[in-house]
Amino acid sequence: MEQPNEPTPAELDAFRNEVRAWIAKNAPPKPKWKLPDSFMEVGTDEQFAYLQAWQAKVYKAGYLGMTWPVEYGGGGKHSALQRVVTSEMARANVPFMVNVIGLMWAGPTILKLGTHEQKAEYIPKILSGEEIWCQGFSEPENGSDLANAQMTARREGDEYVLDGTKIWTSLGKYAAHMILLARTDKSGPSKYHGLSFFLAPMRIPNVTTVPIKKLTGEHGFTETHFEGARIQASRLLGREGDGWAVAINVLAFERGAEGGQAGGLAMVPLRVAQVIDVARKLTRDGKPAIDDPLVRERLLQFVIEERGLELSLQRTRIPALAGPRPFAIPMMGKLRVTEFRRRLCAFAVSLQGANANLYVGDPDAYSDGDWQRGYMNAFSATIGGGTSQIQMNIIGERVLGLGKG
């Protein structure tokens, strides 16, 4: 397929102005209830409906999936335009896209490895938000050991019969489909053999979801049970037994090591400037906390780190600056960004002194406990897609060439 021409700086400026004006006119009004921090916290019908309507509006305007093929509902445009849209969304602090797993992981994987029929069936509804996707990787007994998945898929004629349980299913209550890793053969020489990858429907008999209440009080996750659930063999992505290779592709998209995502925000934007504002409003010994030289020093460190993360992201698009290890920065991105968000929230909480113990709903809590909730929710991003510890091992082994510990 012929690649679109890269926009000129003047064309990008004009497009940015267009997007900025559209967002100013069409951004949804702030709801009366708390907006979740990310798709992993969407737990009520009103939250879901609000976010689904916003995604549909963005897609209808042509600002989502701009680089995806036109024949599957995309825009067929240059990726620079999609980056402009996403950056303007972050600047305006508009809501995130609810169908993150579809837009960022499942969709790109289907476009890369799926058949024409699979692309035509799934991609348009991923973009519009009409069909929500969830992920079936983790299992109750296997933790971060993805390759040790024990859920089974048994072939019977033109169907597979699924048995097993997946856990930490984000948006499981609302999902129409699940990207699912299951074992089709237990006789392989290692745990990496005999796995297959499915685009499994969720709204079929013998599939049930049980909500999981988190420490924050939200129900963003579910436990999903498959008990003799039958799906068509055409739901297999790739060949039977090649599931591990497909899963690696998904993780590359999830961790940002490979591009091709549909754009939009994956979570509520968080900037150091917001914490600086907190430091100006809160007091220590009768003075604004920002007057404390130690507070200013920490804030300056955060500003430097934030700017460094932004510039590193830009380096990935310039081969001469990416160096001899072009995938090093993308592979580090997930680790650095999620840990940065966690530490930034923790610092904002620490500025509150004794009131840091107060939480959402307490009338005396600063900003209704937003920062406390944000801090606890930040851990989900440091765990999902591979824990920070796993990420450090991957970087050490595959980027730095260190031996396994």
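The values are calculated or read from the model by the stated rules, or taken from the named source; none is laboratory data. These numbers were taken from a predicted model, which means no experiment stands behind them. Please note: Cβ atoms are built from the backbone with ideal geometry, for glycine as well, and neighbour counts cover all protein chains shown.
The one condition from (1) at pLDDT below 85; (2) closer than 22 Å to residue 218 by Cβ that residue 386 does not meet is (2).
Picking from residues in the stretch 217-238 that are under 26 Å from the mean Cα position of the chain (by Cα) and more than 19 Å from residue 176 (Cβ to Cβ), the one that is surrounded by the fewest Cβ atoms within 10 Å (Cβ to Cβ) is 217. Looking only at the stretch 25-45, count how many residues are more than 26 Å from residue 102 (Cα to Cα) and modelled with pLDDT of 95 or more. Going through the stretch 25-45 one residue at a time, the tally reaches 1.
Yes or no: residue 378 within 23 Å of residue 254 (Cβ to Cβ), buried (at least 16 other Cβ atoms within 10 Å of the Cβ) and aliphatic (A, V, I, L, M)? When the stated conditions are applied, residue 378 passes them. Of the residues making up the stretch 254-287, just one is within 19 Å of residue 344 (Cα to Cα) and touching a Lys or Arg at 6+ places or on another chain (Cβ under 7 Å), namely 270.
So which residues in the stretch 249-270 are under 21 Å from residue 365 (Cβ atoms) and surrounded by fewer than 18 Cβ atoms within 10 Å (Cβ to Cβ), if there are any at all?
Selection gives nothing.
When 241, 260, 256 are screened for being assigned to a loop (DSSP other than H, G, I, E, B), in contact with a strand residue (DSSP E or B) (Cβ under 8 Å, 6 or more places away or on another chain) and either within 19 Å of residue 112 (Cβ to Cβ) or assigned by TED's automatic domain parsing to the domain that holds residue 384 (or both), only 241 passes. Across the stretch 310-331, the number of residues qualifying as modelled with pLDDT of 80 or more and out of contact with any helix residue (DSSP H, G or I) (no Cβ under 6 Å at 6 or more places or on another chain) comes to 2. Return a yes/no flag: does the stretch 29-47 have any residue that is over 24 Å from the mean Cα position of the chain (by Cα) and either more than 17 Å from residue 66 (Cα to Cα) or not in a loop (DSSP other than H, G, I, E, B) (or both). For the stretch 29-47, residues over 24 Å from the mean Cα position of the chain (by Cα) and either more than 17 Å from residue 66 (Cα to Cα) or not in a loop (DSSP other than H, G, I, E, B) (or both): present.
If the requirement is being more than 21 Å from residue 270 (Cβ to Cβ) and surrounded by fewer than 23 Cβ atoms within 10 Å (Cβ to Cβ), which of these qualifies: 119, 30, 34?
119
State all residues of the stretch 84-107 that are part of a helix (DSSP H, G or I), of a type outside the set (Asp, Glu) and over 13 Å from the mean Cα position of the chain (by Cα); if no residue qualifies, say none. Listed by number, the residues that qualify are 84, 85, 86, 87, 89, 90, 91, 92. Of the residues making up the stretch 119-175, those that are under 19 Å from the mean Cα position of the chain (by Cα) and polar (S, T, N, Q) are 128, 135, 138, 144, 169, 170.
Could you please let me know if residue 273 is without any contact (Cβ under 8 Å) to a residue 40 or more places away in the chain and surrounded by fewer than 19 Cβ atoms within 10 Å (Cβ to Cβ)? Yes, satisfied.
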